[in-house]
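Scroll down for the structure; my scribbles are underneath it.
The values are calculated or read from the model by the stated rules, or taken from the named source; none is laboratory data. Being a predicted model, the structure only gives us computed values, none of them experimental. Virtual Cβ from ideal backbone geometry, glycine too; neighbours counted across all protein chains shown.
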Amino acid sequence: MKKVILIHGFKRSGKDTIADLIVDIAKEKGLKAEKVALADALKEILCDTLEITKNELDAIKEQDIELKYAYDENEVKKVMPGRSLLKNFGQSMKKVLGETIWSDIILYRIFLSDADYFIVPDVRFYKEEFEYLKNGLARDFGDVITIKVKGGQQDKGFEKEFPDNEFDIVLDNTDKNPKQLLKFKKILEKVIE
């Protein structure tokens, strides 16, 4: 039976590191694990639209973007953080296609996947991601494991912290001590079977 792991935490908390650790543990145990982020489809659309690579998009995300265009014979110039472009695009797509568009794409990808474990490392919104995915996956696949990674930086106005009691596992990565990974690995090895 397929198992799905949903990971929540602020940016830079170590969500992807934990997801990669789970993939490694699964491989060590002869299991297939696949990591697919909610943001992957959004990034694919933007890369196709802007005709850039994923690496170029990741670089843009970390810097300011300057947009120039002519309007009524005037040149207009706007500057915005690259990360804001991704967030605004994602939110706009939700307005047009529905609040659960990114979660629905993940559900579809999980359905098509032949992996034993499917890891979603970027669950940020409670209702349209965490609750929607958790309930839908439990209904369709049965086994859903939820992990909260503490630490990182809250993106105010965008990310909200979910209560610890909503999760099967809570990993405290606030001090980002490399020795923590060994502790986390031991905890996760008990879950990946």
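Taking region 108-136, which residues are of a type outside the set (V, I, T) and under 23 Å from K27 (Cα atoms)?
At the first step, the residues of region 108-136 found to be of a type outside the set (V, I, T) are 108-109, 111-118, 121-122, 124-136.
Answer for region 108-136, where residues must be of a type outside the set (V, I, T) and under 23 Å from K27 (Cα atoms): R109, F111, L112, S113, D114, A115, D116, Y117, F118, P121, D122.
If the requirement is being of a type outside the set (F, W, Y) and either touching a Leu at 6+ places or on another chain (Cβ under 6 Å) or without any contact (Cβ under 8 Å) to a residue 24 or more places away in the chain (or both), which of these qualifies: K94, K2, K27, K87? Lay out the reasoning, then the answer.
Numbers: K94 fails: either touching a Leu at 6+ places or on another chain (Cβ under 6 Å) or without any contact (Cβ under 8 Å) to a residue 24 or more places away in the chain (or both); K2 fails: either touching a Leu at 6+ places or on another chain (Cβ under 6 Å) or without any contact (Cβ under 8 Å) to a residue 24 or more places away in the chain (or both); K87 fails: either touching a Leu at 6+ places or on another chain (Cβ under 6 Å) or without any contact (Cβ under 8 Å) to a residue 24 or more places away in the chain (or both).
Unique residue meeting the criteria: K27.
Could you say which residue among G30, G82 is assigned by TED's automatic domain parsing to the domain that holds I119 and among the small types (G, A, S)? Break it down stepwise before answering.
Values: G82 fails: assigned by TED's automatic domain parsing to the domain that holds I119.
When all the criteria are applied, what remains is G30.
Does G136 count as surrounded by 16 or more Cβ atoms within 10 Å (Cβ to Cβ), at pLDDT below 90 and assigned by TED's automatic domain parsing to the domain that holds K156? I'd like the intermediate steps shown before the answer.
Details: surrounded by 16 or more Cβ atoms within 10 Å (Cβ to Cβ): yes; at pLDDT below 90: yes; assigned by TED's automatic domain parsing to the domain that holds K156: yes.
Yes.
Give all pairs with beta carbons closer than 8 Å in which a residue from region 116-144 that is under 22 Å from K156 (Cα atoms) and outside any helix (DSSP H, G or I) meets a residue that is at pLDDT below 85 and of a type in the set (A, V, I, L, M, F, W, C); count only pairs at least 6 apart in sequence or on separate chains.
R124/F158
From V96, V4, V76, grab the single residue that is over 19 Å from the mean Cα position of the chain (by Cα), of a type in the set (A, V, I, L, M, F, W, C) and in a strand (DSSP E or B).
The unique qualifying residue is V76.
I'd like the full set of residues that are touching a strand residue (DSSP E or B) at 6+ places or on another chain (Cβ under 9 Å) and either more than 22 Å from L57 (Cα to Cα) or of a type in the set (D, E, K, R) (or both), limited to region 88-115.
Within region 88-115, R109, I110, S113, D114, A115 meet the criteria.
Got a sec? Which of A59, A19, A37 is part of a loop (DSSP other than H, G, I, E, B), on the phi < 0 side of the Ramachandran plot and either in contact (Cβ under 8 Å) with a residue 60 or more places away in the chain or not hydroxyl-bearing (S, T, Y) (or both)? Let's see the steps before the verdict.
On the way: A59 fails: part of a loop (DSSP other than H, G, I, E, B); A19 fails: part of a loop (DSSP other than H, G, I, E, B).
Just one listed residue meets the conditions, A37.
Is it the case that region 6-20 has a residue that's among the aliphatic types (A, V, I, L, M), farther than 20 Å from D114 by Cβ, surrounded by 18 or more Cβ atoms within 10 Å (Cβ to Cβ) and modelled with pLDDT under 90? Write out each step before concluding.
Filtering region 6-20 down to residues among the aliphatic types (A, V, I, L, M) leaves 6-7, 18-19.
Remaining after also requiring farther than 20 Å from D114 by Cβ: 7, 18.
So of that shortlist, the ones also surrounded by 18 or more Cβ atoms within 10 Å (Cβ to Cβ) come out as 7, 18.
Still in the list and also modelled with pLDDT under 90: none.
No - not one qualifying residue is present in region 6-20.
If you scan region 140-172, which residues turn out to be over 24 Å from F111 (Cβ atoms) and either among the acidic types (D, E) or touching a Cys at 6+ places or on another chain (Cβ under 9 Å) (or both)?
Within region 140-172, D155, E159, E161, D164, E166, D172 meet the criteria.
When you look at K156, is it part of a loop (DSSP other than H, G, I, E, B), over 16 Å from the mean Cα position of the chain (by Cα), surrounded by fewer than 17 Cβ atoms within 10 Å (Cβ to Cβ) and in contact (Cβ under 8 Å) with a residue 40 or more places away in the chain, yes or no? Break it down stepwise before answering.
Details: part of a loop (DSSP other than H, G, I, E, B): yes; over 16 Å from the mean Cα position of the chain (by Cα): yes; surrounded by fewer than 17 Cβ atoms within 10 Å (Cβ to Cβ): yes; in contact (Cβ under 8 Å) with a residue 40 or more places away in the chain: no.
Here the answer is no, as K156 does not meet what is asked.
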